[in-house]
Amino acid sequence: MKDTPTATSGDGHEGHTSQPLGSAGQAAARLQPVPAAPSDSEPAVGGPPVQRTFTFTSTVTGESVTVTCMPGCTVDHKADSNTPTHPHDIYCNIPGTADELPLYGPLCTTRGPEDFRFLSWQIQSHPFSARPAERLPFVVIEAIDDHYIEYLEPDTLQMIIGRLQKRVDSLRKAHAQLVNVRTAYVNLPEVAA
């Protein structure tokens, strides 16, 4: 008989059953729920990342609802579990990278340069959203401090990446043109004098 893998036990070793799938013992051979792990980044032995689950009390229905986080979610859902929560307030998040850009100008509140978050991103899902597209993981891009491009599914994100690449190519042309114009300007007799 062929061994069928089941859930990972608490010591990190896989358990097995001697019942092959498709036999009369199929119900017993089903995968058991995998217990929540302290980190989604710790995969089960030979398997994908373990997904965390948590239970909260819905303020809408008063019922206990069990939620499975998207893989990689870093949100600490203890507050959701400890107090009644509206389902729309439940979300999962994977932080991405962030960068800062020092800027002058009308966005600044001081006379000097200020650092603004620039083209940061994160992956989110809102499992109880009224919009089905928000229930699946999507990317949020923060173009610049608190100005977002949201709900980007894979195809739309690819389109945004293509548009950004075109803008970067255009900015490279602007840079080359700026260098040439400044050189020509500085060399004008009226400016050089």
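The values are calculated or read from the model by the stated rules, or taken from the named source; none is laboratory data. None of the values given here were measured: they were computed from a predicted structure. Backbone-built Cβ (ideal geometry, glycine too); neighbour counts: all protein chains shown. Surface areas here come from the heavy atoms of the whole protein model, side chains and all, with no ligands, DNA or RNA. Shrake-Rupley method; radii C 1.70, N 1.55, O 1.52, S 1.80 Å.
Couple of notes before you dig in:
- P132 being surrounded by 14 or more Cβ atoms within 10 Å (Cβ to Cβ) and within 30 Å of H77 (Cβ to Cβ): no
- Total residues in region 137-151 satisfying the condition of being hydrophobic (A, V, I, L, M, F, W, C) and either more than 29 Å from T59 (Cα to Cα) or touching a Ser or Thr at 6+ places or on another chain (Cβ under 6 Å) (or both): the figure is 4.
- Residues being in a strand (DSSP E or B) and more than 16 Å from P127 (Cβ to Cβ) - total across region 79-101: 3
- Checklist (1) within 23 Å of L152 (Cα to Cα); (2) touching a Pro at 6+ places or on another chain (Cβ under 8 Å); (3) surrounded by fewer than 16 Cβ atoms within 10 Å (Cβ to Cβ) applied to T59, failing item: (1)
- The one condition from (1) within 30 Å of V67 (Cβ to Cβ); (2) open to solvent by less than 100 Å² (accessible area, probe 1.4 Å) that Q158 does not meet is (2).
- Subset of region 167-193 (residues that are open to solvent by less than 100 Å² (accessible area, probe 1.4 Å) and outside any helix (DSSP H, G or I)): L188
- Boolean, L164 is within 18 Å of the chain's Cα centre (by Cα), open to solvent by less than 80 Å² (accessible area, probe 1.4 Å) and either more than 30 Å from H126 (Cα to Cα) or not β-branched (V, I, T) (or both): no
- Among the candidates G96, G25, G112, G105, residue that is modelled with pLDDT under 80, open to solvent by less than 90 Å² (accessible area, probe 1.4 Å) and not polar (S, T, N, Q): G25
- Of all residues making up region 65-78, the number that are more than 20 Å from Q122 (Cα to Cα) and either aromatic (F, W, Y) or open to solvent by 70 Å² or more (accessible area, probe 1.4 Å) (or both): 2
- Once region 130-146 is narrowed to residues that are under 16 Å from P102 (Cα atoms) and either hydrophobic (A, V, I, L, M, F, W, C) or not in a loop (DSSP other than H, G, I, E, B) (or both), the residue that is farthest from the chain's Cα centre (by Cα) is I144.
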